[in-house]
Amino acid sequence: MSRRTTLTLSAAATVLALALSGCAASAPDEAADIAASGSFPVTMGHAFGETTIEAEPERVVTWGWGSADDAIALGVVPVAMPFQAYAGDEDGVLPWISEALDTMGADMPTILPDSEEPPYEDIAAAAPDVILAGYSGITEQQYDLLSEIAPVVAYPGEAWATDWRELIEITGTALGRSVAAATLLGDIDGELAAQAAAHPEFAGTSIALSSDSSGTFYVYKKEDPRVAFTLDLGFVSAPSVDALATEESSFYFTLSHEELDKLTSDLLVNFGTTQQESDAFLAAGYAQAMPQVQSGRVASPVGAAFISSVSPPTGLSLTWGIDDYVALLSAALTT
């Protein structure tokens, strides 16, 4: 049986709050969005049932990855968002979020404590109207607990596997910004198309994306947003990825070092948090057995912020890191 959670706000209060908050897009865009989306209420299905949002949210809390980015990209600044230990600054804030807030002249949201489980008391203290967790790992029990605080929009399918485009659409629908979401996606698609046109060497080139961390080699499936985004540049997923894939996770699988030579592709993208980690992988004997390493067809994105901007991308981060990412891919193919 599906569950239904409800958010209630008066339309008049919503208009007044948006006018005073500084968190909204321009009034014409806002009005067009409300008209085009059919206004509220809106009912959104997800992995744990359905959530009905009765009126445009004033106070938004985000959890997981990407929802804060996408909300800000759509002109809505959350009242609270998660601490990002990987790629965030000492306060847990990602660089593209800091830059966007500076551009908007907006205050920094409350940063929630760094924890695997949602910090319920801190989220409740933020008095949210809605909790966006469209790309997260919340469990059904956690969803139920969060729903006692405010309506929760969870992921539509598997945990940590929401397509980055779909997350923008989910966020736009929940916030009454579906027109802005469509515009944002159109702008990003235009940028991707321009990058693909500028790099015809990407077209039809098979690719595999991986990382080697603490002795474990991870291969990312097509369901992983960083792979989907890279394929949008003209690449195709290497057949070996599907052939070797297991059901270990919805978006990745691990491969023993003895089997790495079976992961064949025209190009290998191997993510490394540090240059030392990246160099250690390329120098390892098991990596030397890979045909891509032997031929120099390896792109090595290095650095937490750089990696996070494209793995997975968001409405804010994709264009923030795309130029450097594309340059790495192109250089690896032309060596």
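Here the contact order of region 136-201, divided by its residue count and restricted to Cα pairs under 8 Å and six or more residues apart, works out to 21 percent.
Proximity of backbone amide H atoms, modeled 1.01 Å from N, is registered between L94 and D89 at under 5 Å, excluding neighbours fewer than 5 places apart on the same chain.
With θ taken as phi - 60° and the Karplus curve 6.51 cos²θ - 1.76 cosθ + 1.60 applied, the whole-hertz 3J(HN,Hα) list for region 57-73 is x, 9, 10, 10, 10, 10, 9, x, 10, x, 5, 5, 4, 5, 4, 5, 4 Hz, x standing for glycine and proline.
GluC sites (Glu not before Pro), restricted to region 58-114: which are DSSP loop and have at most 10 other Cβ atoms within 10 Å? Display every interim value, and only then the final one.
Working: sites: E58, E90, E99; in loops: E58, E90.
Qualifying residues, ordered by number: E90.
Annotation for S214 and A304: the two label points, set 7 Å from Cα along the Cα-Cβ direction, are 1.5 nm apart. Helix 164-175 and the longest principal axis of the Cα set of the chain meet at an angle near 10°. Would you mind classifying region 64-178 by shape? Square roots of the alpha carbon gyration tensor eigenvalues, ordered a ≥ b ≥ c; an a/c under 1.5 is rounded, otherwise it is prolate if a/b is larger than b/c and oblate if not. The shape class here is rounded.
Counting 0.36 nm for each residue step from S206 to D89 and taking away their Cα separation leaves a gain of 38.6 nm. Counting only alpha carbon atoms, the long axis of helix 317-333 and the longest principal axis of the chain meet at about 10°.
Quickly rank 70-78, 227-235, 327-335 as a protection proxy: mean count of other C-beta atoms within 10 Å, highest first. Can you show the working numbers first?
Numbers: 70-78: 25.8, 227-235: 21.0, 327-335: 15.0.
Order by mean packing, descending: 70-78, 227-235, 327-335.
Each label was represented as a point 7 Å from its Cα along the Cα-to-Cβ direction; for E259 and E99 these points are 3.9 nm apart. For region 192-335, rounded, prolate or oblate, judged on the Cα gyration tensor with a ≥ b ≥ c (square roots of eigenvalues), a/c < 1.5 rounded, else prolate if a/b > b/c? Verdict is rounded for region 192-335. Look at the alpha carbon pairs under 8 Å that are at least 6 residues apart: their mean separation over the length of the chain gives a relative contact order of 16 percent.
Look at the dipole of region 57-170 built from charges on Cβ: of T110, Y143, I72, the Cα furthest out on the positive end belongs to I72.
Specify whether the C-alpha gyration tensor of the chain places it in the rounded, prolate or oblate class, a ≥ b ≥ c being the square roots of the eigenvalues: rounded for a/c under 1.5, otherwise prolate if a/b is larger than b/c and oblate if not. Present the calculation step by step, with values, prior to reporting the outcome.
Numbers: a/c = 2.08, a/b = 1.79, b/c = 1.16.
Because a/c hits 1.5 or more and a/b exceeds b/c, the chain counts as prolate.
What separates the Cα centres of region 201-235 and region 79-125 is a distance of 28 Å.
For the chain, the longest principal axis of the alpha carbon atoms and the long axis of helix 95-104 meet at an angle near 40°.
Sequence gap at least 6, Cα distance under 8 Å: using those rules, report the relative contact order of region 256-327 to the nearest whole percent. Write down the numbers at each step before the final one.
Numbers: 75 pairs, mean separation 23.6, N = 72.
The normalised contact order for region 256-327 reaches 33 percent.
For the chain, adding -39500 (n - 2.57) for each run of n ≥ 4 DSSP H residues and dividing by the number of residues yields -12000 deg cm²/dmol at 222 nm.
Laboratory data are not the source of any read-out in this text; all were calculated from the coordinates shown. Here the structure is a predicted model, which is why all the values come from computation and not from measurement. Ideal geometry is used to build each Cβ from the backbone, glycine not excepted, and the neighbour counts take in all protein chains shown.
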